[in-house]
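Read the structure below first, then the notes.
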Amino acid sequence: MSGISFFSSSFGSVENLYAAAFIAGVWAVTVLSPGPNLLATLHATAQGGARAGVTTAAGIGFGTAIWAGLSLAGLAVLFETFTWAYTLVKLVGAAYLIVVGLKLLFQRRTAAAPSQLTAPKGGGLRRAFVFGLATDLANPKAAAFFVSLFAVSIPAGSPLVFQFAVCLLVVAIAVAWYALAALIFARPRVAAAYGRARRWVERITGALFVGAGLRLATERS
């Protein structure tokens, strides 16, 4: 009951409800678009099974909460004032994506049996969470996206509890989608197909990570 009363008080006004619905719709479309976060989730699932994939999704959700929260706190003003800070964060993020991609491109692995793809390795869940978190934080453009989305959506003078609820909403959407993707990818038939084409799938995934990193590094602010 406390949870229901929290959300009813947060989205109580019609204006707030419309704003929340608009943010949820735009964010859902954005999350559904393939990108590094989805690649990270599927890769973690392939390595450690559904639990690792869902844990990676949780890490992505935590990163989303950080970017959304910082955006509401005025991160855009900081980046506009100190442009070198944004450039630094962007280059570090790009370097991370490129390094991950290169590792996938050039690593040597023996073929794994499909059954091995569903068992998390020791300590794998913690690594999966950090992997998801780092991949999400590697893209500072998420902050700019949230700033622009919130600026045109959140009514002026909205209470802090509404802004907090909006953050929870975007995190829930992200975690739900990536966790669902992990559960689908972990299905026996999909895992078996991945096992047969693992070498090429990892190379393609690595190339996509490198491409995402290069695009981030060369994009203008």
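The values are calculated or read from the model by the stated rules, or taken from the named source; none is laboratory data. Everything numeric here is computed off the predicted structure, so don't read it as measured data. Please note: Cβ atoms are built from the backbone with ideal geometry, for glycine as well, and neighbour counts cover all protein chains shown. To get the accessible areas, we keep the full protein, side chains included, count just its heavy atoms, and leave off ligands, DNA and RNA. Shrake-Rupley method; radii C 1.70, N 1.55, O 1.52, S 1.80 Å.
What residue, among those in segment 30-73 that are closer than 27 Å to P159 by Cβ and more than 13 Å from the chain's Cα centre (by Cα), is surrounded by the most Cβ atoms within 10 Å (Cβ to Cβ)? Break it down stepwise before answering.
Residues of segment 30-73 closer than 27 Å to P159 by Cβ: 30-31, 61-73.
When the remaining residues are screened for being more than 13 Å from the chain's Cα centre (by Cα), the result is 69-73.
Values: G69: 16, L70: 18, S71: 21, L72: 19, A73: 11.
Here the answer is S71.
For segment 78-171, give me every one of the helices (runs of 4 or more DSSP H) that falls completely inside it and has 2 or more residues that are modelled with pLDDT of 85 or more. Steps first, please.
On the way: elements: 83-106, 124-137, 141-153.
Ranges flagged: 83-106, 124-137.
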### Query
Which number in (1) of a type outside the set (F, W, Y); (2) in a helix (DSSP H, G or I); (3) closer than 27 Å to S71 by Cβ; (4) open to solvent by 30 Å² or more (accessible area, probe 1.4 Å) marks the one condition that I204 misses?
(3)
### Task
Scan segment 172-186 and give yes if some residue there is at positive phi and out of contact with any Gly (no Cβ under 9 Å at 6 or more places or on another chain), otherwise no.
no
